[in-house]
1. Among the residues of region 103-127, how many are in contact with a helix residue (DSSP H, G or I) (Cβ under 8 Å, 6 or more places away or on another chain) and loosely packed, with under 13 Cβ neighbours inside 10 Å?
2. Could you list, in sequence order, the residues of region 38-89 that are touching a strand residue (DSSP E or B) at 6+ places or on another chain (Cβ under 7 Å) and surrounded by fewer than 14 Cβ atoms within 10 Å (Cβ to Cβ)?
3. Would it be correct to say that residue 122 is under 13 Å from residue 53 (Cβ atoms), more than 9 Å from the chain's Cα centre (by Cα) and assigned to a helix (DSSP H, G or I)?
4. Can you find a residue that is within 18 Å of residue 126 (Cα to Cα) and either in a helix (DSSP H, G or I) or without any contact (Cβ under 8 Å) to a residue 60 or more places away in the chain (or both) anywhere in region 13-32?
5. If you scan region 72-87, which residues turn out to be over 15 Å from residue 120 (Cα atoms) and either touching a residue at least 60 places away in the same chain (Cβ under 8 Å) or in a helix (DSSP H, G or I) (or both)?
6. Using the structure shown, decide if residue 37 is at pLDDT 90 or above and within 17 Å of residue 154 (Cα to Cα).
């Protein structure tokens, strides 16, 4: 997590669960990436964070297609933030709640989009924009773009763990693979 912030119990829970899943089960030892993903989980508990991108009239944008249009209209830090949010939004839904994506996109322009493709592209665009913001670092956004599918899979594993008996008892689940 970011050292300058005080963390909540829920943020620590997500940090531990994400670290355990990514490092132990997936073999991804990348603290900045893991911190970002656990922070994403903590942020997206609040609906305001899920609906953070707004149009010029102040209306929250719920569809990726609308966010993409808004992202093309913005410049600098604002453009980076919209594209980063598109990446976060698509990563969250495809990783944590993939079964909800068809319901989420039904009857919207998003039904024509592939969330994984748009998420990878959005993180890549965000990583190329010069910004006065230092968080998240450009290299984390590049890794999120490059390893989008792995991160989505990892988020699914985090969800499975928090929903499992082991997640409630504190016991670690077995590894996904066994080295011989």
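1. Let us first name the residues in region 103-127 that are in contact with a helix residue (DSSP H, G or I) (Cβ under 8 Å, 6 or more places away or on another chain), namely 104-105, 108-113, 115-116, 118-127.
Next, only the ones that are loosely packed, with under 13 Cβ neighbours inside 10 Å stay: 112.
Looking only at that region, the number is 1.
2. Across region 38-89, the qualifying residues are 54, 60.
3. Yes: the conditions hold for residue 122.
4. Of the residues in region 13-32, the ones within 18 Å of residue 126 (Cα to Cα) are 32.
Of the ones still in play, those that are also either in a helix (DSSP H, G or I) or without any contact (Cβ under 8 Å) to a residue 60 or more places away in the chain (or both) are 32.
Scanning region 13-32 turns up at least one residue that is within 18 Å of residue 126 (Cα to Cα) and either in a helix (DSSP H, G or I) or without any contact (Cβ under 8 Å) to a residue 60 or more places away in the chain (or both).
5. Initially, region 72-87 is screened for residues over 15 Å from residue 120 (Cα atoms), giving 72-79.
Those that are over 15 Å from residue 120 (Cα atoms) and either touching a residue at least 60 places away in the same chain (Cβ under 8 Å) or in a helix (DSSP H, G or I) (or both): 72, 73, 76, 77, 78, 79.
6. So residue 37 passes the test.
Every residue, every condition in (1) more than 15 Å from the chain's Cα centre (by Cα); (2) part of a loop (DSSP other than H, G, I, E, B), yes or no:
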| residue | (1), (2) |
| --- | --- |
| 90 | no, no |
| 100 | yes, no |
| 104 | yes, no |
| 111 | yes, no |
| 135 | no, yes |
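The values are calculated or read from the model by the stated rules, or taken from the named source; none is laboratory data. All values reported here derive from a predicted model rather than from experimental measurement. FYI the Cβ positions are ideal-geometry reconstructions off the backbone, even for glycines, and counts take in every protein chain you see.
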